[in-house]
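Please treat every number below as a calculation from the coordinates, not as lab data. Owing to the predicted nature of the structure, the values given are computational and were not obtained by experimental measurement. Cβ sites come from the backbone with ideal geometry, for glycine too, and all protein chains shown count toward neighbours.
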Amino acid sequence: MRYSSDSSLGDTAPPRKLVIVIDDHPLVSASLRDLISLYSFSAEVRSFSSFSASVNVLQNEHPILVFLDLGLPDITGRAAIDAVRAKAPKALLAILSGNDELARDIPEIQNKTLPFLHKGLSHHMLTKALRGLLDQCGLDNGVQQHSSESEPMLERFDSLTPKQREILRLLATGRTNQDIAAAQNVSVETIKTHLHDIYAKLRVKNRTQAILLHQSAYRLVQNEQ
């Protein structure tokens with residue numbers, strides 16, 4: 001039911017809570033947005049490439065969590081932190097940065113009173129840190145959260161054909177559509193069709209979410225052995 005898009009649930013579904021990502025690197029923003037969407041079905045995620053573009057939403061739409069890059073094109077470092085806090089004082093602020101020099105100038109990062117997610121973190125460590133922040137905000141209600149959901153999640157994988165499982169396995173190793181097509185001796189269009197069907201069966205939106213769900217299911221199976 002969590003994945004259902006049935007409009008009849010609209011009146012009873014809990015209100016979505018706003019999460020803001022302010023980062024001028026599109027791939028970083030997109031990856032974080034996908035992770036949050038996977039691990040929290042109650043989060044509405046919006047991303048902005050500059051502080052100035054985010055001001056109206058920060059000030060008027062009451063985000064519950066804000067991820068801030070310290071090296072924005074229009075404001076950096078301490079000034080960026082103070083500006084976000086002034087516009088959204090009730091939001092939990094987390095720093096998302098790969099700039100060690102800027103981070104060293106922020107005492108709250110050094111003494112670990114301000115959450116800091118380094119862009120160089122491994123996927124495992126980033127996911128762990130992210131889920132801790134989501135949980136702190138009451139947002140961590142996605143995959144792996146409740147053991148009672150483990151069986152339905154695995155049932156989604158049972159619905160995949162052997163061919164689709166192999167394609168998903170290759171996808172999870174970081175292969176491109178072209179690589180997978182060559183390995184399967186089929187066209188890229190055929191792979192795209194398979195991926196469309198895989199996403200539908202797993203009830204995910206894209207390859208990032210499919211890979212993360214694949215990893216979650218793998219860990220569940222390993223834990224049961």
Q.
Order these by the 10 Å Cβ neighbour count, fewest first: ILE191, ILE64.
A. ILE64, ILE191
Q.
To make sure I understand the rule: partners must be lysines, Cα under 19 Å from the Cα of LYS119, and not fewer than 8 residues away in the same chain. Which ones qualify?
A. LYS128
Q | Cut-off under 5 Å, modelled amide H: who pairs with VAL21 long-range | A | ARG46, SER47, PHE48, PHE67
Q) How about LYS90: which lysines have a C-alpha closer than 20 Å to its C-alpha, ignoring those fewer than 8 places off in the same chain? A) LYS17, LYS112
**Q.** Integer Hz, Karplus 6.51/-1.76/1.60 couplings in order for segment 75-91, x for Gly and Pro
**A.** 6, 9, x, 4, 4, 5, 4, 5, 5, 5, 4, 5, 7, 9, x, 8, 6
Q | Under 5 Å, built H, 5+ apart or other chain: amide partners of PHE41 | A | ASN141, GLY142
**Q.** From phi via Karplus (6.51, -1.76, 1.60), per-residue ³J(HN,Hα) for segment 33-40 in Hz, x at Gly/Pro
**A.** 4, 5, 4, 4, 5, 6, 8, 9
